[in-house]
Amino acid sequence: MQTVKLLGISGSPRKRGNSRYLLERALAATDAAAAGRVETDLYSFAGKNIAPCVSCFRCEDLGDCAIRDDFQELRDAWLAADAIIYSVPVYHMGIPGQLKCFIDRLGNTLCVEEGGGVSKLLKVVGVAAQGDCLFSGQEQVMSALINHAVLMGCIPVAGDPWQSYLGAAGWTRQDLGENSLRDLYESGEADAKVAVAAAESLGKRVAQTALLIKAGGAACRDMLAADGAYGLFLSRLQSRGPQPG
């Protein structure tokens, strides 16, 4: 029986908050979608220190980023995962700076390891974004993260329409409180209910697609090994080995 590891990344600097709430709803939905086959973990940017890339190019010699901070911890978790769900607040019509720092350094170090390009990682990636206003950049943020997924040789997946086209998007009616989205949902507010439904379908589809990719990779292992572009993907298959069932 194939199993997958799904890493949820909360890109908010808050320990608790609306982005984390959407992420928790997405991760919880994987249990019903793929009972017993998905291991979930949640990484929060709260309290973490991830500096920006300084273009020193020392990663060409080290094979890793020369800056030592919380980047390495998240990079290892990201590489080990079969699927990623990003959930982020909208900052100035874009992704939060600390997440952008991670993405920049991740891409640069992996390009060095792979000889100037990133191999076909085949991680399934889902995205969620929330802002305080209805039209404050949620779709733009999700599009940026989907572009990141494609660039990293990953597979972007959305939830189910009509609630989800690119991912899960929410807004808090200009309430800046840490629990505003949860409070709106529990009060029955229509847009909050849509956001939660989108997050839950996103978690379900990410988990199911990751299982399909792993099963297909195992069935086509010999073909992929002969190609050479799937080394990191195949290493994830090998690290878990055959599963009972």
Identify the residue in the range 3-34 that is among the hydrophobic types (A, V, I, L, M, F, W, C) and part of a strand (DSSP E or B) and, among all such residues, is farthest from Gly47 (Cα to Cα).
Val4
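Here is a check on your reading of the model: is Ala46 touching a residue at least 24 places away in the same chain (Cβ under 8 Å), closer than 21 Å to Lys15 by Cβ, of a type outside the set (Ser, Thr, Tyr) and not in a loop (DSSP other than H, G, I, E, B)? Walk me through it before giving the result.
Values: touching a residue at least 24 places away in the same chain (Cβ under 8 Å): yes; closer than 21 Å to Lys15 by Cβ: yes; of a type outside the set (Ser, Thr, Tyr): yes; not in a loop (DSSP other than H, G, I, E, B): no.
When the stated conditions are applied, Ala46 does not pass them.
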Counting only residues that are assigned to a loop (DSSP other than H, G, I, E, B) and in contact with a Lys or Arg (Cβ under 9 Å, 6 or more places away or on another chain), how many does the range 152-162 have?
7
Can you name the condition, by its number, that Met152 falls short on among (1) at pLDDT 95 or above; (2) under 20 Å from Leu6 (Cα atoms); (3) not polar (S, T, N, Q)?
(1)
Cβ pairs under 9 Å, 6+ apart or interchain, first in the range 49-72 and under 11 Å from Cys101 (Cα atoms), second outside any loop (DSSP other than H, G, I, E, B) and acidic (Asp, Glu), ordered by first then second residue, are Pro52/Asp104; Cys53/Asp104
Among residues of the range 104-141 being part of a helix (DSSP H, G or I) and buried (at least 20 other Cβ atoms within 10 Å of the Cβ), the residue modelled with the lowest pLDDT is Leu110
Would you mind telling me which numbered condition in (1) surrounded by fewer than 18 Cβ atoms within 10 Å (Cβ to Cβ); (2) over 18 Å from the mean Cα position of the chain (by Cα) Val150 fails?
(2)
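What residue, of Gly203, Gly177, is under 23 Å from Ala28 (Cβ atoms), assigned to a helix (DSSP H, G or I) and of a type in the set (Gly, Ala, Ser)? Spell out the reasoning first.
Details: Gly177 fails: assigned to a helix (DSSP H, G or I).
When all the criteria are applied, what remains is Gly203.
The values are calculated or read from the model by the stated rules, or taken from the named source; none is laboratory data. All figures in this text were calculated on a predicted structure; none of them were measured in a lab. Backbone-built Cβ (ideal geometry, glycine too); neighbour counts: all protein chains shown.
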